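Single-structure report; data block below.
The values are calculated or read from the model by the stated rules, or taken from the named source; none is laboratory data. All values reported here derive from a predicted model rather than from experimental measurement. Cβ: placed from backbone, ideal geometry, glycine included. Neighbour counts: every protein chain shown. The area values use the complete protein model at the heavy-atom level, side chains included, leaving out ligands, DNA and RNA. Shrake-Rupley method; radii C 1.70, N 1.55, O 1.52, S 1.80 Å.
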Amino acid sequence: MSGGRALALLFAHPDDETFAAGGAVAAYAAAGVACHLFCATDGDAGKSSGIAVATRAELGRLRRAELAAAAGILGIRSVHLAGHADGALPEYDADALTGELVAFLREHRPQVVITFGPEGAPNGHRDHRALSRAATAAFHLAARPTAYPEQLAAGRRVHQAARLYYVTWEPPPLDDPKRLEGVPATARVDTRARHATKRAAFRAHRTQAMHEATFERLSMTPDELYALAGGTPQRAAVVADLFDGLPD
């Protein structure tokens, strides 16, 4: 039972939610955990896998619709699209982005927050790295009444999530020059029972079909790996549940 638990997902692009955490999200949503997604961009700077689009705006509309479909498949309860420029998050005001994430955490009040690690996922994407920095700051600042006090004046309340987790992965082979190392894992969530759901969510992102082989190789693994980056210590060095030991 979820006991009223909530999970916040802080990512940069449509499809990050599935690629990075789709199995765990599907499992927690099915157990009754309220899963809420913040997506910083519309993904309109990417390619469209042969689907004809005339403009970036049109691609952005397609990707927003794809994200809505994928979120429905995974069981994500709400999606917030911030609409920032795809590929340009490092140029956006970092304090403003952090404030948006603080507001999101104060609104949805999760126990657990998932985001990218500082390396920016296996591909090291600059948007992923910028989002990680802002999300890490927001995790700590959401509980501080002196941080973004205008939000409190507007009716939001401070909130301290119990744990912050970074998405991570197994160390890459030594002879692989393209993959980055992630933060060492402290949680391994068995997602095999949710593989069909995760694959269906990825395929809802039709404009990203050209990445399916990479998705199958990197993301469709027996376990999804996460690294505790802040908050309440785990009861063991490596746990199987991101909520392990947390009160409802």
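If the condition is being more than 16 Å from the chain's Cα centre (by Cα) and on the phi > 0 side of the Ramachandran plot, then the stretch 84-124 contributes only G87. Within the stretch 76-127, being assigned to a loop (DSSP other than H, G, I, E, B), of a type in the set (A, V, I, L, M) and in contact with a strand residue (DSSP E or B) (Cβ under 7 Å, 6 or more places away or on another chain) holds for I76, A85, A121.
Cβ separations smaller than 9 Å between residues 6+ apart or across chains give the following pairs from the stretch 179-196 residues that are over 15 Å from A31 (Cα atoms) to residues that are charged (D, E, K, R) and modelled with pLDDT under 95: G182/E170; A185/E170.
Each row is one residue, and each column tells you yes or no for (1) modelled with pLDDT of 95 or more; (2) under 21 Å from the mean Cα position of the chain (by Cα); (3) open to solvent by 90 Å² or more (accessible area, probe 1.4 Å).
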site: A135; (1), (2), (3): yes, yes, no
site: L141; (1), (2), (3): yes, yes, no
site: Q151; (1), (2), (3): yes, no, no
site: L174; (1), (2), (3): no, no, yes
site: R194; (1), (2), (3): yes, yes, no
site: R199; (1), (2), (3): yes, yes, no
site: Q208; (1), (2), (3): no, yes, no
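Filtering A130, A147 for residues that are within 15 Å of the chain's Cα centre (by Cα) and either in contact (Cβ under 8 Å) with a residue 24 or more places away in the chain or in a helix (DSSP H, G or I) (or both) leaves a single hit, A130. Report yes if L59 is surrounded by 20 or more Cβ atoms within 10 Å (Cβ to Cβ), aliphatic (A, V, I, L, M) and modelled with pLDDT of 95 or more, otherwise no. When the stated conditions are applied, L59 does not pass them.
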